[in-house]
Amino acid sequence: MEVKARAPGKIILAGEHAVVHGSTAVAAAIDLYTYVTLRLPLQSAEKNDRLTLELKDLSLEFSWSLARLKEALPNDSRTYPPSTPTSCSTETLKAIAVLVEEQNIPQEKIWLSSGISTFLWLYTSIVGFNPATVVITTELPYGSGLGSSAAFCVALTTALIASSSCSDKARGEGWTPLDETSLDLLNKWAFEGEKIIHGKPSGIDNTVSAYGNMIKFCSGEITRLQSNMPLRMLVTNTRVGRNTKALVSGVSQRAVRHPDAMKSVFNAVDSISKELASIIQSNDEISVAEKEESIKELMEMNQGLLQSMGVSHSSIETVIRTTVKHKLVSKLTGAGGGGCVLTLLPTGTVVDKVVEELESSGFQCFTASIGGNGAQICL
Ligand SMILES: Nc1ncnc2c1ncn2[C@@H]1O[C@H](COP(=O)(O)OP(=O)(O)OP(=O)(O)O)[C@@H](O)[C@H]1O
Ligand SMILES: C[C@@](O)(CCO)CC(=O)[O-]
Ligand SMILES: [Mg+2]
């Protein structure tokens, strides 16, 4: 049996980092996807006793015998049914780390370790010790703020959950969303996966990847937003690598050192996100130009607060300075520290000149369609 699934990346319009500390954030799915193909051999097929993970874009393959997995993993990965998402215990995570280490990941790709650990945890928890080949490809840059880790977790859990329930569905319908119950379940599992990669995720990235569209998110509570205005963003990848786990932990440490000041910063971000959400949804008589002017100002303030949390970077500042010369406002998106920057493109903006200048500095620019599909399977 073969199941194909995909899940989108995301942009955060306002509220990253502060959302980990209980503030509101606004995020939207983008039309760049991670794809997972899950091949489960038929019972009668030739003897297959391996679990294989192929990362096609990177030309890497990892493979474990089922006997080795059973021997290495403590029982807790089999204690709960797939319908009960559970966190990976420290003991299991240690055992998984040994299994990942045995694969001799090339040193220059060692950042993949957390992704591969997550794969082993999600696969064995949901499918058990059954043979399969899982093939992954992605259109998202790795570790750049566009939610590559969440899209990976959501696409994987979509394929794993669907493999146990989609056999009776009509085939030939192309990309199809899952029902709400399956989405809720796979999103909970994806959050458990994000915990392995991020340490302390808020859950916003996996949630927007699973459900798609544009959402307001606060302490796990989701409000789906209906945009009443055109919203165009230029995405600039600084190509500076960074790691969300380290950045999130850096902000938490700053919050421990300066609790009152950081509380005020997080409160200010909360107000910005709420105001942004209400502008996007508003159907008052306010003109689009006025709304764009307000969004511009809110993005500028949000960037200032992200800088005060310590997650900006000289490459991000360069993008901001370059876009300001073209009267455009930018903010980092995702965890910062490098990665991607968003630039609001008000109606009528011609991007050629600013893109040319950004690309001549070595950055990569693209526009992504905002607020589209969430997790889907291909029937
Ligand atoms: N397609 C993939 N295959 C395997 N591992 C992946 C894949 N995509 C992401 N990962 C894992 O996720 C890690 C990147 O996650 P990280 O959270 O740091 O960045 P991001 O999700 O792209 O950005 P942000 O969290 O700011 O949106 C990689 O180092 C890797 O371990
Ligand atoms: C930095 C952060 O706020 C967003 C990363 O895309 C982390 C999180 O919310 O889990
Ligand atoms: Mg991530």
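Do the sum for the chain: with -39,500 (n - 2.57) for every DSSP H run of n ≥ 4, divided by all residues, what is the mean residue ellipticity at 222 nm, to the nearest 500 deg cm²/dmol? Spell out each step's value before the answer.
Details: 12 runs with 160 residues, N = 379.
Value at 222 nm, helices only, nearest 500: -13500 deg cm²/dmol.
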Sort 345-353, 3-11 by packing, meaning the average of other beta carbons within 10 Å per residue, with the highest value first.
3-11, 345-353
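Calculated FRET efficiency, Asp352 and Glu300, Cβ-Cβ r, R0 25 Å, to nearest 0.05?
0.60
Starting from 0.36 nm per residue, how many nanometres of slack lie between Ser361 and Gln103 once their C-alpha separation is accounted for?
Numbers: separation 258, 0.36 × 258 = 92.88 nm, distance 3.75 nm.
Separation in residues times 0.36 nm, less the Cα-Cα distance, equals 89.1 nm.
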Could you give the C-alpha radius of gyration of region 184-239 expressed as a fraction of 2.2 N^0.38 Å, taking N as the number of residues it contains?
1.32
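Which of rounded, prolate, oblate describes region 52-148, given a ≥ b ≥ c as roots of the alpha-carbon gyration tensor eigenvalues and a/c under 1.5 marking rounded, otherwise prolate only if a/b is larger than b/c? Intermediate values should be presented prior to the final figure.
Details: a/c = 1.68, a/b = 1.47, b/c = 1.14.
Here region 52-148 falls in the prolate category.
Probe radius 1.4 Å, ligands and nucleic acids ignored: give me the carbon and sulfur share of the accessible area of the chain as a rounded percent.
Ligands and nucleic acids excluded, carbon and sulfur give 51 percent.
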The chain accessible area per residue, 1.4 Å probe, protein heavy atoms, integer Å², reads 43 Å²
Rounded to the nearest Å, the spacing of the alpha-carbon centers of region 1-46 and region 197-238 is 12 Å
Please identify the DSSP H helices in the chain that span no less than 15 Å along the helix axis (Cα) and have a mean Kyte-Doolittle hydropathy of -1.0 or more.
90-101, 113-126, 148-163, 180-198, 244-257, 259-281, 288-309, 314-325
Inter-part gap, Cα centre of region 96-148 to Cα centre of region 338-379, in whole angstrom, is 27 Å
Just the number: Rg to Rh for region 227-367, Cα atoms, Kirkwood Rh, two decimals.
0.99
Choice from Ala289, Ala29, Ala150 showing the highest fluctuation, given a GNM over the chain with Cα pairs closer than 10 Å:
Ala289
Report Rg(Cα)/(2.2 N^0.38 Å) for the chain, keeping two decimals.
1.00
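The values are calculated or read from the model by the stated rules, or taken from the named source; none is laboratory data. Because the structure is a prediction, the values reported are computed rather than measured. Note that we place each Cβ from the backbone using ideal geometry, even for glycine, and neighbour counts take in every protein chain shown. To get the accessible areas, we keep the full protein, side chains included, count just its heavy atoms, and leave off ligands, DNA and RNA. Shrake-Rupley method; radii C 1.70, N 1.55, O 1.52, S 1.80 Å.
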